[in-house]
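Below is one structure; the comments refer to it alone.
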Amino acid sequence: AALLNSHMRELVAIIHKFSGRVEKFIGDAIVAFFPGDSEAACRNAIHAAAIMMKKHREIQIERKTRNQVTYGIGIGLDYGVVMAGILHAHARSEFTLIGPARSNAEHCESASKGGIATRIMATGEVACGNQAFSPLFISHADNLFELASLENLP
């Protein structure tokens, strides 16, 4: 629990710094969204993802020097319309996002395990939607794209 709580605290702070909002935690995963028009939302999500991965790498180096368990993460990004709301069932309620963008982001996160550069995977909507970011992505199978580097983002 201490490992996950520390992980979540660090990464959620970065999400908030880039105007993102956390929808929920699913085990060790964070489901977040970045509201706004496509250019601003995608830029914020890409920057947050890169800084989250940098922070994760720092944490892993520190954990390794202390002979503690290390772990990998992947990040999936998509942009699109989602339906947001509270689902109720008797004594339980939960805020949730539903829609293709959410499902596609989860698919990208699953695909990130096969990443070769940063393990930040995105759909074409994110990777190709802004000319400033397009050259920064490597094309993968299934029309997915991986952020090539965590450095020098516009």
Discussion item. Just to be sure before I move on: is Arg92 exposed (fewer than 13 other Cβ atoms within 10 Å of the Cβ) and basic (Lys, Arg) in the structure I sent?
Written reply: yes
Discussion item. Exactly one of these conditions fails for Ser103: (1) closer than 26 Å to Asp37 by Cβ; (2) more than 16 Å from the chain's Cα centre (by Cα); (3) open to solvent by 50 Å² or more (accessible area, probe 1.4 Å). Give me its number.
Written reply: (2)
Discussion item. Among the residues in the range 66-76, are any surrounded by fewer than 17 Cβ atoms within 10 Å (Cβ to Cβ), at pLDDT below 95, touching a helix residue (DSSP H, G or I) at 6+ places or on another chain (Cβ under 6 Å) and of a type in the set (Ser, Thr, Tyr)?
Written reply: yes
Worksheet item: Can Ala49 be described as aliphatic (A, V, I, L, M) and over 19 Å from Glu125 (Cβ atoms)?
Response: no
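Yes or no, residue by residue, for (1) part of a strand (DSSP E or B); (2) without any contact (Cβ under 8 Å) to a residue 60 or more places away in the chain; (3) closer than 16 Å to Arg119 by Cα:
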{"position": "Ser19", "(1), (2), (3)": "no, yes, no"}
{"position": "Glu39", "(1), (2), (3)": "no, no, no"}
{"position": "Ala48", "(1), (2), (3)": "no, yes, yes"}
{"position": "His56", "(1), (2), (3)": "no, yes, yes"}
{"position": "Arg63", "(1), (2), (3)": "no, yes, no"}
{"position": "Gly72", "(1), (2), (3)": "no, yes, yes"}
{"position": "Leu87", "(1), (2), (3)": "yes, yes, no"}
{"position": "Ser93", "(1), (2), (3)": "yes, yes, no"}
Worksheet item: From the set of residues in the range 56-65 that are over 30 Å from Glu39 (Cα atoms) and not β-branched (Val, Ile, Thr), which is least open to solvent (accessible area, probe 1.4 Å)?
Response: Gln60
Discussion item. Please determine whether any residue of the range 1-20 is small (Gly, Ala, Ser), surrounded by fewer than 12 Cβ atoms within 10 Å (Cβ to Cβ) and in contact with a Leu (Cβ under 9 Å, 6 or more places away or on another chain).
Written reply: no
Item to complete: Could you tell me whether Gly36 is open to solvent by 40 Å² or more (accessible area, probe 1.4 Å) and small (Gly, Ala, Ser)?
Response: yes
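The values are calculated or read from the model by the stated rules, or taken from the named source; none is laboratory data. No experiment lies behind these values; they were computed from the predicted model shown. All Cβ positions, even for glycine, are placed from backbone atoms using ideal geometry, and neighbour counts span all protein chains on display. Remember, those area values only see protein heavy atoms, side chains included, never the ligands or the DNA or RNA. Shrake-Rupley method; radii C 1.70, N 1.55, O 1.52, S 1.80 Å.
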